[in-house]
Amino acid sequence: MKTKIRATSLLAFQEILPTLEKRELEVLKTIKKIQPCNNLMISEKLNLPVNCITGRVYSLRKYGLIIFYRKEKCPYTSRTTIFWKIPEWIDVLLQKSE
């Protein structure tokens, strides 16, 4: 199935992508690889403390680059946590930019 991307969405993405910090881009690409995932899963994959991840996830949410997927038990802690994913249209644009 082909995803239609609105021109305004494409422009917004092209404006936001260059402004992302190195760590934000690293977190975004990690989410793309392991989605759906929670903050602890991202920190494990990047081998960074979770407090280095939470702020980046917050920023990516503000930009609309990641979205809430569901609440589910964490595979590491068995606590209920929020899982994130990348909207389909951004996933398509990330593939094109790589």
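Among the residues of segment 57-85, how many are touching a helix residue (DSSP H, G or I) at 6+ places or on another chain (Cβ under 9 Å) and closer than 18 Å to Glu15 by Cα? Going through segment 57-85 one residue at a time, the tally reaches 6. Selection of segment 52-98 for residues being crowded, with 18+ Cβ neighbours inside 10 Å, out of contact with any Cys (no Cβ under 9 Å at 6 or more places or on another chain) and not in a helix (DSSP H, G or I) yields Leu65, Ile66, Ile86.
Of all residues in segment 19-30, those satisfying the criterion of being touching a residue at least 24 places away in the same chain (Cβ under 8 Å) and out of contact with any Leu (no Cβ under 8 Å at 6 or more places or on another chain) are Glu21, Arg23.
Filtered by the rule that a residue be surrounded by 19 or more Cβ atoms within 10 Å (Cβ to Cβ) and out of contact with any Pro (no Cβ under 7 Å at 6 or more places or on another chain), segment 31-44 gives Ile31, Cys37, Asn38, Asn39, Met41, Ile42.
The residue that is farthest from Ala12 (Cα to Cα), among those in segment 31-51 that are in contact (Cβ under 8 Å) with a residue 12 or more places away in the chain and assigned to a loop (DSSP other than H, G, I, E, B), is Asn38. When segment 40-66 is filtered for residues that are small (Gly, Ala, Ser) and closer than 20 Å to Ser78 by Cα, only Ser43 remains.
Rule-based calculations on the coordinates, nothing more; no lab input. Note that the structure is predicted; figures quoted are calculated from it, not measured. Positions of Cβ are generated from backbone atoms using ideal geometry, with glycine treated the same way; all protein chains shown enter the neighbour counts.
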